[in-house]
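What follows is a short report on a single structure.
Derivation of every value follows stated rules applied to the coordinates shown; laboratory data play no part. Model, not experiment: these values are computed from the prediction. All Cβ positions, even for glycine, are placed from backbone atoms using ideal geometry, and neighbour counts span all protein chains on display.
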Amino acid sequence: MTMENDKTMQTDESQNDLEVSEKEKEISPEDYLEPLLQRAKQAARPLSGLIAMKKNAALMAMADGLEAGEEAILAANEEDLTAVEGDTSREAMADRLRLTPARIADMATHIREIAQLRDPVGESMGFWQRPNGMRVGRVRVPIGVIGIIYESRPNVTADAAALCLKSGNVCVLRGGSEAHHSNLALAKILGEAAQQAGIPEGAITFIDKTDREVVLALLKSDRFVDLIIPRGGDALMQTVTQHATIPVIKHDKGVCHIYVDSDVDLAMAQRISFNAKVQRSSTCNSMETLLVHEKVAKKFLVPLAEQYVEAGVEMRGCPKTCQILSQAKPAQDDDFGKEFLSLIVAIKVVKDMESAMDHIHQYGSRHTDSILTNDYDRALRFLREVDSSAVMVNASTRLNDGYEFGLGAEIGISTTRIHARGPMGLEDLTCSKFVVYGSGQIRE
């Protein structure tokens, strides 16, 4: 072959690539999604009937796949991190994005723990007999096809895929553009491992287009998708609630509070308040606002502030807080009720528990709120009257988590009241159906 012919062939190939690229651009979001969602829907029926042993074997294979694919996952993650590192305004996002060998090992461990959990599918929720002899009952069944739209955190890909598979649900995953390479690598490894273990193709479906129009099309795909679970910020939540024609369970922002009561073990309160802010500040269950009873404010805040300064925490306080702490900056009006997702904490000195609960009611997001106290009656009242997905006594808000609650993992922390609230584990990914045993009964 002559060099001239070779150049001609390369030109032809380039032209063909260009034509394919142009054709891809012409594909509408609906045309792109339909074959993916059809395949997902077709996988729902065989997946729902798989025995626990089969699903558990697939989960173990998925965990093994993550560990074996560590190098490829970290390389993909580095591509995502390159786009955000160095930008101080995106430090919290970088922390949520970052994968390490330890975090990959944790994802694999969580999947193996999910495999060890009881399978809720087919579980009886009670039977009773009617006067005509007919026996009526309810059993747990998978929801079907669940669309999960999420931002930043690649570990959601692994947790969601594992929880959906164990509960007999097909998952359709659409991660954020900032974690695209990481999510794609994870979904490929998990999907291939599951399929090789006998799970139907399409049971783990990943949408690899990141444009907004695909999300809008997904939200209206009620022919194929039974439930949408969004995890992310205000903009994502508004988009989903405005456009979805599918039922939605929201996993909204976490404006989490800790209230330090007047009757409290100060050493314990200091340890918890430090952990809730510093242990991992970029998560939705980290404390954003610290409320302190005025009787213990100085004694409690001064040593805590020293710890915060050493850890790099910026404190934004009310006027009383600023009088006590020279390190604190005056809080702006919008600092209370803000999800910082970083090493920033808003601090307010309050008159009593009533004032603290009023503040939580006004500024909280109904995610996680905790009281630190030795007073039993006040603890019970706080538990009763604070309306959040998790209300705690003498515990860090960081503990509101599916793994910490013994659920193995979570698909998210629901701030919705209907169907599920708080960390959503396996049971929350099922619904129920009635089953009836008759012997010839008819309606008279």
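General observations
- Taking 0.36 nm per residue of separation and subtracting the Cα-Cα distance, full extension of the segment from GLU30 to GLN129 would add 30.9 nm.
- Isolated cysteines in the chain, defined as those with no second cysteine Cβ under 4.7 Å, comprise CYS256, CYS284, CYS318, CYS322, CYS431.
- For ARG174, ARG271, ARG45, the sequence from fewest to most other C-beta atoms within 10 Å is ARG45, ARG271, ARG174.
- In a reduced charge model with +1 at each Lys and Arg Cβ and -1 at each Asp and Glu Cβ, the chain shows a dipole moment near 2140 debye about its Cα centre.
- Proximal lysines relative to LYS220, as straight alpha-carbon distance under 18 Å, when same-chain residues fewer than 8 apart are discounted: LYS41, LYS209, LYS250
- Annotation: lysines with alpha-carbon distance below 22 angstrom to LYS298 (same-chain offsets under eight excluded): LYS277, LYS320, LYS329, LYS348, LYS351.
- The residue list LEU47, ALA179, ILE207 was ranked by how far each Cα lies along the charge dipole of segment 29-252 toward its positive end, using unit charges on Cβ atoms, and LEU47 comes out on top.
- Under 5 Å, built H, 5+ apart or other chain: amide partners of GLY402: GLU410
- Under the Karplus curve 6.51 cos²θ - 1.76 cosθ + 1.60, θ = phi - 60°, whole-Hz ³J(HN,Hα) for segment 367-378, x wherever Gly or Pro sits: 9, 8, 9, 9, 10, 10, 7, 9, 8, 4, 5, 5
- According to the Cα-based calculation, Rg over Rh for segment 256-405 is 0.92, with Rh computed by the Kirkwood formula.
- Diffusion coefficient, µm² s⁻¹, Stokes-Einstein with Kirkwood Rh over alpha-carbon pairs of segment 322-419 at 25 °C and 0.890 mPa s: 160 µm²/s
- Over the chain, all Cα pairs binned in 10 Å intervals from 0 give whole-percent P(r) values of 4, 19, 25, 22, 16, 8, 3, 1, 0, 0, listed from short to long.
- For segment 29-252, the relative contact order works out to 27 percent when only alpha carbon pairs closer than 8 Å and six or more residues apart are counted.
- Backbone geometry of segment 305-312 corresponds, through the Karplus equation with coefficients 6.51, -1.76 and 1.60 at θ = phi - 60°, to 3J(HN,Hα) couplings of 4, 4, 5, 4, 4, 4, 8, x Hz, x marking Gly and Pro.
- Placing pseudo-labels 7 Å out from each Cα toward the beta carbon at GLN116 and PHE405 gives an inter-label distance of 2.0 nm.
- Length available on full extension from HIS361 to GLN307: 0.36 nm per residue minus the Cα-Cα distance, which gives 16.6 nm.
- Positive-end ranking of LEU291, TYR437, GLY425 along the dipole of the chain, with charges on Cβ about the Cα centre, is headed by TYR437.
- When the chain is treated as a GNM with alpha-carbon contacts under 10 Å, the residue of MET60, MET125, MET357 showing the greatest mean-square fluctuation is MET125.
- Computed from the Cα positions only, the extents of segment 29-252 along the three principal axes stand at 72, 39, 30 Å, in decreasing order.
- Cut-off under 5 Å, modelled amide H: who pairs with VAL350 long-range: VAL292, HIS293, GLU294
- Net lengthening on full extension, GLU444/ASP333 (0.36 nm per residue, minus Cα-Cα): 33.3 nm
- Pairwise label distance in nanometres, GLU71 with VAL136, each label 7 Å out on the Cα-Cβ vector: 6.1 nm
- Relative contact order of the chain, pairs being alpha-carbon contacts under 8 Å that are 6 or more residues apart, as %: 18 percent
- Shown is the FRET efficiency for HIS419 and ASP263, computed with R0 = 60 Å from the Cβ-Cβ distance and rounded to the nearest 0.05: 0.95.
- Length-normalised contact order for segment 216-281 - Cα pairs under 8 Å, 6+ apart - percent: 29 percent
- With a cut-off of 14 Å on the backbone N, the residues of segment 119-139 near the modelled label site 7 Å out from SER432 along Cα-Cβ are 121-129, 136-139.
- Net +/- balance of residues flanking THR415 in space, Cβ distance below 9 Å, scoring K and R +1, D and E -1: +4
- FRET E, pair ILE51, ARG103, Förster distance 25 Å, beta-carbon r, rounded to 0.05: 0.20
- Magnitude of the charge dipole for segment 120-218, about its Cα centre and with charges confined to Cβ atoms of Lys, Arg (+1) and Asp, Glu (-1), is about 600 debye.
- The charge dipole of segment 192-256, taken about its Cα centre with unit charges on the Cβ of Lys, Arg, Asp and Glu (plus for the first two, minus for the last two), comes to roughly 220 debye.
- Given charges at Cβ of Lys, Arg, Asp, Glu: segment 29-252 dipole, positive-most of HIS243, MET107, PRO154: HIS243
- Ellipsoid fit via the Cα gyration tensor, segment 136-240: semi-axes of 22, 18, 12 Å, each the root of five times an eigenvalue, largest first.
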